[in-house]
1. Considering only protein heavy atoms and a 1.4 Å probe, what is the carbon-and-sulfur percentage of the accessible area of the chain?
2. Once the Cα atoms of segment 289-334 are picked out, what are the Rg and Dmax in Å?
3. Enumerate the whole-percent occupancy of each 10 Å bin, from 0 to the last occupied one, for all C-alpha pair distances of the chain.
4. If I build a Gaussian network model for the chain, linking alpha-carbon pairs within less than 10 angstrom, which residue out of L391, L423, L291 has the largest mean-square fluctuation?
5. Among residues other than G98 whose Cβ falls under 9 Å from its Cβ, what is the net charge (Lys/Arg +1, Asp/Glu -1)?
6. Given charges of +1 on the Cβ of Lys and Arg and -1 on the Cβ of Asp and Glu, with all other atoms neutral, how large is the dipole of the chain about its Cα centre, in debye to the nearest 20?
7. Mind jotting down the distance between the C-alpha centroids of segment 310-364 and segment 256-281, whole Å?
8. Can you list residues whose amide H is under 5 Å from T83's amide H, if they're 5+ apart or on another chain and H is modeled 1.01 Å from N?
Amino acid sequence: MLLLGGRSLLRSPTLRVARAPTLLMAVAARALSAPALPRPPSISAAFDSGNIEVKDVACGSDDAHTFTLKIRPDAYTHGTDKTAHFQWFHFRASGVRGKKCTFVLENAGDASYPEGWEDYKTVASYDRLDWFRIASTEYKDGKLSWTLEPERDSVWFSYFAPYSWERHERLVAELSGPGQLGTHTSIGETLEGRPLDLLTFGDGPLTIWATARQHPGESMAEWCAEGLGRFLNSVDDPLARELRRVATVRLVPNMNPDGAVAGYLRVNAAGANLNREWASGVYEGYDAPSLERSPEVFYTLAAMDQLGMDAHVDIHGDEAIAANFFAGTEGIPSWDESLAAQLKALSDAFLRRSPDFQVGLGYDVEPPGEGNMAVGSNAVAERYNALSVTLEMPFKDTLTPAEAADPVRGWSPGRAKAFGAALGAALLDAAPTVAAARGKELH
């Protein structure tokens, strides 16, 4: 026993006070000690655009594991859609190397677009760079499932290859940095304070806008926007150089940063479906856009009013249709022969520039005056009496042309970026027709 001045140190009142918490911490440390390694298989979606809820993990003694999961719904959409959308998922499975793993999304049948699961194949990646399709994906009895024996300790799964906010920031910096051809400005802020970024290329008389990812789960839209941006930033490509000469191209690569980071399918932080926020008078008692619910649309329209608007492409993804196509604005009240001629010129040009584009599959054409005027392309076409079109890409693969199908990757980031570059070339081809309709000369 240690003594101090003839007294036991352990009996010192001061030392007893100091010693008690130490003993408690030691006991707590033993109680809260980490589980033995290796840990059992686990699921996480606690990252940018992550979305999944774990219902059950059944680990078999034969290294066969079943993960029962649910997709987390978006924030509820008041006023317009009056539902809580969901379909986007993105999560990581860890501790799964060499184990036969089955993943079941038990609420897939209740998703916003259940027809989108037909012939759909989940995308997966071991490094978050190369995304491949899971051939075993099956939709049956309202559940989406797939089985994989991972080659690595962790594997990521997603509805489509994600486009992160960090990649968005890098793209903006790269295309507008020293020695680059783009200029950058923030035209406003989202509800959560993220910037609404605008990249501008060229100084020609035509003002062409491209907006992407109003619906945050449609990540292929931002991959396509990146391809268009890189095309516009090219010093060596003569088509890009000519487009910059005849047009000023304004690109908003991500219209919905908050929804993208949150892992939502259709809405922003307030639950607003931005592609139903472009005009009032469509939904009873609902005014849009507003700074309270849809500042992203409010600021974009304000920028178009200030900077001008001669043509517009709104880039999206479609859950069900396995093809790339345009959705025109034939349903607006002021649809006329001039707008029809401009749409045909752009469609014909895109057919020449990209075999991945087609006109056979798509949405039904609306009669004039029967279009939803709260939809972005309709509202822009009517507001400016100008060409505006929605470009849709698949979550699945392209069925037409058949030779373009890729069973390994399906429609992919690489193909979407190449498609964006082809869009730039098509815009150049259509520029004379658009300029003539707008009364502008291209020298």
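The values are calculated or read from the model by the stated rules, or taken from the named source; none is laboratory data. The structure displayed is predicted, hence computed values, not measured ones. Because the Cβ atoms are built from the backbone with ideal geometry, glycine has one as well, and the counts that use them run over all protein chains shown. Each accessible area value is taken on the protein alone, full model and side chains, heavy atoms only, with ligands, DNA and RNA left out. Shrake-Rupley method; radii C 1.70, N 1.55, O 1.52, S 1.80 Å.
1. Details: 10160 of 19240 Å².
C and S atoms contribute 53 percent here.
2. Final numbers for Rg and Dmax: 14.1, 37 Å.
3. Histogram of Cα-Cα distances, whole percents per bin: 4, 20, 28, 22, 11, 6, 4, 3, 2, 1, 0.
4. Between L391, L423, L291, it is L291 that shows the largest mean-square fluctuation.
5. Working: positive: R97, K99, K100; negative: D63, E149, E151.
Charge balance near G98 sits at 0.
6. Numbers: 42 positive and 58 negative charges, 535 e Å.
Charge dipole, the chain, about its Cα centre: 2560 debye, nearest 20.
7. 23
8. Placed amide hydrogens put T77 under 5 Å from T83.
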